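Following: one structure in structure tokens, then a few remarks.
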Amino acid sequence: MTYATVMVSLALDQSNEARLQVAGELAERFEADIVGVAAGQFAPPLYFTDGAEAQALIEEGEDSVKRRLAGLEAQFRAAMRTRGGRAEWRSAMDFPARFVLAQARCADIVVSGGQSPAFSDAFALASPKDLVMQAGRPLLVVPDRAEWLDLRSVLVAWKDTPESRRAVAEALPMLRKAQDVTIVEVPEHDDDRSAVMAGVTDVAAWLARHGITAVARVPEAVRGETAAAQLEKIAGETGVGLIVAGAYGHSRFRELILGGVTEYLVTQSVRSVLLSH
């Protein structure tokens, strides 16, 4: 397995430098084609107007979105000019999440920026929360402060679920390039720690059969400390540059509700995260 096509989702109102850098590196490492995607919609004002004034306002707003999309295309092509492989651009006047989700059919992996806990504008960017739950492709979430795709040390945040199994399988190309791989499962307070370790050891053995040496680790459960906090502590101790994890969540009343660890991984701003659902 490899990545033959990398897709990078750009935002109208958010920094794109980090995700472009990492997506370009990813395409270069795997000799993959790269597709840049972006979309935007004019957000109508809250106040009321009609007639010619309303039409002029709509046209002006749509022209502004088109200019910003053209600017993103220029930024994408400039960033990919020195990269190997074929670069393609796709954009539309559409809701970003809807457009990017449709285009993801042509990619092996989608690269997105991270998301702050604050409200994000659905007219200007495709939220990684929407993408990871609906794209049907692994999502690489790149924080704005990332300068490169650091695969020297990778942490697999394991939980024995279909999402975790899928995430590790889809991360195999990156894991093969990593220098150190650590598989970590944070046990619940009532878990049998020896049984948890046996499961993590199974994953390490499976990776070994794919030519990847991995260390299995099960920390002691700490009362009052969340799984996300424990993962962050281990990631910091081992100098992790990438976390691989399954994504958990569901849609409720059209609002995406993510699990605690998934929410943390999408919003943290230190290291890149590969998520699969």
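Structure notes:
- Relative contact order computed over the chain (Cα-Cα under 8 Å; 6+ residues apart), in percent: 21 percent
- For the listed peptides 213-225, 261-273, a ranking on the average number of other beta carbons within 10 Å per residue, highest first, reads 261-273, 213-225.
- Charge dipole magnitude, Cβ of K and R +1, D and E -1 - region 5-142, Cα centre, debye nearest 20: 560 debye
- Take 22-28, 104-110, 193-199 and order them by the average number of nearby Cβ atoms within 10 Å per residue, most first; the result is 22-28, 104-110, 193-199.
- With contacts taken as Cα pairs under 8 Å and at least 6 residues apart, region 97-232 reaches a relative contact order of 19 percent.
- The chain - charge dipole about Cα centre, Lys and Arg +1 at Cβ, Asp and Glu -1, debye rounded to 20: 760 debye
- Computed over region 105-171, Kirkwood Rh from alpha-carbon pairs, angstrom: 13.7 Å
- Global form of region 5-142, assessed from the alpha-carbon gyration tensor, a/c cut-off 1.5: prolate
- Scaled radius of gyration (Cα, divided by 2.2 N^0.38 Å) that region 65-203 gives: 1.28
- Set of aspartates and glutamates with alpha-carbon distance to residue 66 below 16 Å, sequence-local pairs under 8 removed: 13, 94
- Dimensionless Rg/Rh of the chain - Kirkwood Rh, Rg from C-alpha atoms: 1.02
- For the pair region 221-248 / region 155-176, the C-alpha centres are spaced 15 Å from each other.
- Computed helical MRE - 222 nm, the chain, DSSP H runs ≥ 4 contributing -39500 (n - 2.57), nearest 500: -12000 deg cm²/dmol
- Residue-count net charge about residue 23 - beta-carbon cut-off 15 Å; Lys, Arg +1, Asp, Glu -1: -3
- Gyration tensor (alpha-carbon) shape descriptor, region 153-276, a/c threshold 1.5: rounded
- Relative contact order, percent, region 5-142 [alpha-carbon distance under 8 Å, six or more residues apart]: 36 percent
- Inter-part distance where region 53-96 and region 193-218 are each reduced to a Cα centre, Å: 45 Å
Every read-out reported here was derived from the displayed coordinates using simple, explicitly stated rules and does not represent laboratory data. None of the values given here were measured: they were computed from a predicted structure. When we count neighbours, we look across all protein chains shown, and the Cβ atoms used for this are built from the backbone with ideal geometry, even at glycine.
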